[in-house]
Each structure stands twice: as C-alpha cells, then as structure tokens.
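One structure coming up, written as structure tokens, with questions to follow.
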Amino acid sequence: MIELRSIHKAYQVKGAAVVALKEIDLSISSGEIFGIIGHSGAGKSTLLRMINFLERPTRGRVVVDGVDLLELQEQDLREFRQGVGMIFQHFNLLGSKTVGENVAFPLKIAGRANRAQIDARVDELLELVGLERHKHKYPRQLSGGEKQRVGIARALANQPRVLLCDEATSALDPQTTRSILQLLREINEKLGLTIVLITHEMDVIRTVCDRVAVIDAGTIVESGPVSQVFLHPRHRTTRRFVQEAERVFDEDVQATANGSAARTLRRLTFMEDTVHQPLLSQAARAYGVDFSILSGRIEQIKSTTCGQMTVAVAGDATRVSEALAHLASHGVTIEEHVQ
C-alpha cells in the first residue's frame, strides 16, 4: 500500500545542510493501523508528511497504491492528496464556519458533488463520529474531543484510502484520548482504511496500532508488530519508551544471604491464555524451585492480553533449567533480563 524507499531529507539552514531523515525504508500494508513513535525532533512529522508529499524527499521514492509520487504532475498530485485525509494535533478547524460547513469544506474544494450530495455526506459523517446534533454549532462551542471528531469527519469527507494522524490525541485528556482512539479503530474496521499515526506516547501505540516503527534522530531503529517491539525491545530508544520501574540491586542477582545457589534472573512474557494460568506455581511445585517476582504487569496491546514480569529463580541449577524449559513448553517467552 505505502512504500518508502531509501528516503533522505535534508534542509538548508543558514547555508548548512540539516538532515531530518536518513535512509528510511518502510512498508505499510493496506488496511492496517501503523504507528510511528519518537521523541520531539526525531523526524516523525517530516516522515508522515512524505506520505502525502507535503514534504518532498531529497532523495528516495514514495509509492502509494503502486503510484510513484515523484512521477506525478502538480494536477495529478492534487488529485492524489484528495485520497489522503489528515487530522492534526490542534484540530485546524475554521472558526468562522459551523461544524457542518467545516466537514463540507473539502467536498466543495473537490467540486465533484452538488449541494444535496454534500449535505447527505456531511450528515453521514457526523453520524459516524457521533456529532449529528452539533451540525450547526461553531468550533468554539465544542470540547477538545468534539473538535477532533469534527477533524476526523472532515478528513474522511472525500472517502480517502489513507488517513494520516499528526499527534491527533496529544492535546486531549486521557479519557478523551481513549474515546478518539476507539473511534479510529472503529473507522479502520468499518471502512478498511489504512491509518498512519505519529505520536510520542507509548499508550497510543499499544491501544490502537497493529505495527510500529521507532524513529530516533531521523532513522528507523526498530519496527515490527507492536507486541514484539514493546515486549521485546532491542534498541535503547525503544527500551526508553517501555522502561518500567525495574531497579534490581546487585544482591538480588547474587547468592542468597544464607549462601545457597545463586539466583537466575529472567524476563518472562505471557500471551493470551497463558496470562491467566498458574504456570509459575505449577513449575515451582514440580521442580522444587522458588520464584521471586521482582516486577510485573498485565496489559492490553490492541486486542491482545499480555503479561510480563522479571523473576529471580532460586534452586539447583539443573532444576531451574528444567523449570524454565517447562514454562517455555507452555508458551512463555523467556529472556535474559536487560536492565
């Protein structure tokens, strides 16, 4: 659906080249919700704007639905952009126009529908986002969440194939953020729309995305399914995003106070059914080892329940290995603990 190949972007600032993106390679599949996460200044907004060619790469290719955007003439590019909706952090609504007029605006610009068709489309979209009763209100009369729902309706006006979300929830409170993310999931499922969103908030990615790319200093440092990237982070930037309050003192991983066998420190990951099974207690009884839970959590990654904990396992080395092998045979992922 969306292919970015060897994307490099540099700006000239006071005669010097400032590099924003470096050799970006990214593939986004049709119908998925894809997240791009990075800290401020990492290059995520520049990357997002490549997809609708509001930013042109210094070199590299952007291909959407098999069309190389570099090959499009200006008129063709304008038509292409009508198939890409965009929602913004600060809503970008027209304050002098009503909710209905804001949603109708891109339809009037496109010039492909008469007044009756536009009115019908506006009503359909306002019902979709739950704002049909607010059609004749002005943006100043709406809450932040309602304004963003208008922004979403407006972005969907021309039936886009792709929806780009530029920090769409960062100006909202947590409860409103959850409602907007739920709306995006419903739109994705109902319309089969490809959604690409950028954020600096890990919870946004975990709640709504299928796959994620982590960007740091203009480079994609890690990408893949959300559960894989966030439960088993490889790059230090990803680990910073998912870092928990796991501070284990040296004595916790050395010999116990009475001089018995050293304890083995492992990170355990449980997915779906294994989360609710008494696997640790079963292994402890069966193999005569002791598990000390040093940290842990159970969470939801989109529709998947998962749990992760750091444990210290004490006992005979052979029996510890057998206990860990038992857990692995029941679907538990076992890793060396990385502080």
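Please determine whether any residue of region 117-125 is under 28 Å from residue 199 (Cβ atoms) and crowded, with 16+ Cβ neighbours inside 10 Å.
yes
What pairs come out if I take residues in region 153-177 that are more than 27 Å from residue 108 (Cα to Cα) and in contact (Cβ under 8 Å) with a residue 60 or more places away in the chain and pair them with residues that are among the charged types (D, E, K, R) and surrounded by fewer than 23 Cβ atoms within 10 Å (Cβ to Cβ) whose C-beta lies under 7 Å away, six or more apart or interchain?
170/201
Whether any residue in region 50-73 is touching a residue at least 60 places away in the same chain (Cβ under 8 Å), within 30 Å of residue 143 (Cβ to Cβ) and surrounded by 12 or more Cβ atoms within 10 Å (Cβ to Cβ) is what I want to check.
For region 50-73, residues touching a residue at least 60 places away in the same chain (Cβ under 8 Å), within 30 Å of residue 143 (Cβ to Cβ) and surrounded by 12 or more Cβ atoms within 10 Å (Cβ to Cβ): present.
Condition first: over 16 Å from residue 166 (Cβ atoms) and either touching a Leu at 6+ places or on another chain (Cβ under 7 Å) or not assigned by TED's automatic domain parsing to the domain that holds residue 181 (or both). Can you find one or more residues in region 25-43 that meet it?
Looking for residues that are over 16 Å from residue 166 (Cβ atoms) and either touching a Leu at 6+ places or on another chain (Cβ under 7 Å) or not assigned by TED's automatic domain parsing to the domain that holds residue 181 (or both), one finds at least one in region 25-43, hence yes.
In addition: Give region 87-105 a look and list any residue that's touching a helix residue (DSSP H, G or I) at 6+ places or on another chain (Cβ under 6 Å) and crowded, with 16+ Cβ neighbours inside 10 Å, or say none.
87, 91, 93, 99, 100, 102, 103, 104
Looking at region 1-115, what strands (runs of 3 or more DSSP E) fall wholly within it and have at least 2 residues that are more than 22 Å from the chain's Cα centre (by Cα)?
Because the criterion is at least 2 residues that are more than 22 Å from the chain's Cα centre (by Cα), the strands (runs of 3 or more DSSP E) in region 1-115 that meet it are 2-13, 16-28, 59-64.
I'd like to verify a number: residues in region 295-336 that are under 22 Å from residue 228 (Cα atoms) and either assigned to a strand (DSSP E or B) or not assigned by TED's automatic domain parsing to the domain that holds residue 266 (or both), how many?
Residues flagged as under 22 Å from residue 228 (Cα atoms) and either assigned to a strand (DSSP E or B) or not assigned by TED's automatic domain parsing to the domain that holds residue 266 (or both) within region 295-336 amount to 19.
The values are calculated or read from the model by the stated rules, or taken from the named source; none is laboratory data. Owing to the predicted nature of the structure, the values given are computational and were not obtained by experimental measurement. So basically every Cβ, Gly included, is an ideal-geometry build from the backbone, and we count neighbours across all protein chains shown.
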